[in-house]
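To keep things clear, I will list the structure first and then write my remarks on it.
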Amino acid sequence: PQVQFSDDNARVSAVLPTGESLEILLYGATVISWKDKNGDEKLWLSDAAKLDGSKAVRGGIPLVFPVFGTAPDHAATAKLPQHGFARTSRWEFLGKSTSESAPGQAADLSVKLDFGLSSPSLDSETQAKWPYSFNLIYSVTLSRESLTTSLVVTNDDDKPFDCQVLLHTYLRVKLTNPSTPQKDIANVEITGLSSASYVDKVDGATTKTQSSALTITGETDRVYTPSTPPSDPVTVLEGGKTAFTVVRDNLSNVVVWNPWTDKAAGMADFAPKDGFKNMLCVEPGAVGTWQTLEPGDAFEGAQTIGIGY
Ligand code: TA6
């Protein structure tokens with residue numbers, strides 16, 4: 001696999017021999033592109049996304065740490081911006097590793113890119129807002145039929161800290177056969193969340209239970225806590241065909257978000273304005289409670305997104 005830096009050192013790209021590719025901004029270690037072997041883009045990226053480090057990327061896979069949303073009643077993180085500072089910090093590229101099949105086997109190559117962020121590399125303003133010594137290692141692994149992203153949080157301090165972690169993935173929604181009249185979100189359903197409880201953030205944060213497959217027919221913002229094992233996939237179907245499967249490792253929540261018309265209209269960096277018809281956020285995370293890391297402790301959470309077709 002080919003791993004390259006951009007001229008301005010702002011991004012890293014990788015291509016597998018079979019054509020799959022990744023592009024990652026060092027700003028936020030944000031995956032901004034994941035293409036399959038045919039060059040089909042699997043992630044949604046707003047046409048108005050800022051890619052110059054001036055604000056969090058609207059699309060791709062922004063990283064949420066140490067707080068999901070804002071937590072005004074949580075003293076330690078109350079001063080932080082929405083979704084914390086990981087997605088708006090400059091990460092460093094730590095290196096790559098490839099795994100190949102045994103010699104002579106089909107080249108089921110994969111490439112893993114590692115990125116790091118630690119407290120000394122934060123700007124002083126952010127350090128003052130969350131004064132803990134920590135280290136983050138973010139690994140992005142591209143293989144022929146899946147993308148895995150994994151975050152390891154380590155407490156390097158002499159006192160415990162609480163944190164939340166979430167992988168804010170914007171999946172691209174489109175149908176294989178453009179002749180389908182509904183080439184968009186109206187033809188999507190999400191399975192694997194049945195009987196899961198969820199907090200409905202567009203209905204007074206009331207707690208409800210998912211009865212069957214989820215369809216997106218308006219603004220949707222739900223924090224699910226599935227009762228099934230995290231290895232049971234959340235599946236995104238388009239026109240009845242599996243487009244994505246999402247499995248989790250040590251992440252007990254799944255957020256499902258679609259801003260729909262009004263919220264899309266209200267976000268300056270969300271374009272085109274009807275782009276909500278071609279995206280769906282399925283966000284594995286540990287956000288229902290706080291993860292308390294004792295000094296020297298580590299927390300690891302990961303997602304693997306499989307391509308359906
Ligand atoms: O993940 C869903 C969510 O928490 C929504 O409530 C919405 O705020 C979204 O994240 C985007 O947040 P952002 O700070 O990126 O505009």
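Loop only per DSSP, at most 13 neighbouring Cβ atoms within 10 Å: give me the GluC sites (Glu not before Pro) in region 1-101, ordered by residue number. Display every interim value, and only then the final one.
Numbers: sites: GLU20, GLU23, GLU41, GLU92, GLU100; in loops: GLU20, GLU100.
Counting only loop positions with at most 13 other Cβ atoms within 10 Å, the GluC sites (Glu not before Pro) in region 1-101 are GLU100.
Distance check, please: which entries in LYS208/LYS273; LYS42/LYS112; LYS42/LYS174; LYS241/LYS277; LYS35/LYS263 exceed 20 angstrom between their Cα atoms?
Those over the limit are LYS208/LYS273; LYS35/LYS263.
Name all residues of region 141-170 having a backbone nitrogen under 19 Å from the label point set 7 Å from the Cα of THR225 along its Cα→Cβ direction, giving them as ranges.
162-167, by backbone N distance to the label point.
Would you list which lysines come within 17 Å of LYS129, measuring only between C-alpha atoms, while excluding same-chain residues fewer than 8 positions from it?
LYS79, LYS159
Rounded to the nearest 500, what is the chain's calculated 222 nm mean residue ellipticity when only DSSP H runs of at least 4 contribute -39500 (n - 2.57) each, over all residues? Walk me through the intermediate numbers first.
Numbers: 2 runs with 13 residues, N = 309.
Mean residue ellipticity at 222 nm (helix-derived): -1000 deg cm²/dmol.
Would you mind checking which residues have amide H under 5 Å from SER118's amide H? H placed 1.01 Å from N; only 5 or more apart, or other chain.
Correct list: LEU136.
Decide, for region 4-307, between rounded, prolate and oblate: order the square roots of the alpha carbon gyration tensor eigenvalues as a ≥ b ≥ c, take rounded if a/c falls under 1.5, and otherwise choose prolate if a/b is larger than b/c, else oblate.
Numbers: a/c = 1.44, a/b = 1.11, b/c = 1.30.
The shape class here is rounded.
Just to verify a number: FRET efficiency for GLU41 and GLU189, C-beta to C-beta distance, R0 = 25 Å, to 0.05? Could you put the intermediate results ahead of the total?
Details: r = 22 Å, r/R0 = 0.86.
Here the calculated transfer efficiency is 0.70.
None of the figures in this text is laboratory data; all of them are computed from the coordinates on show. None of the values given here were measured: they were computed from a predicted structure. Here Cβ is always computed from backbone atoms with ideal geometry, including for glycine, and neighbour counts include all displayed protein chains.
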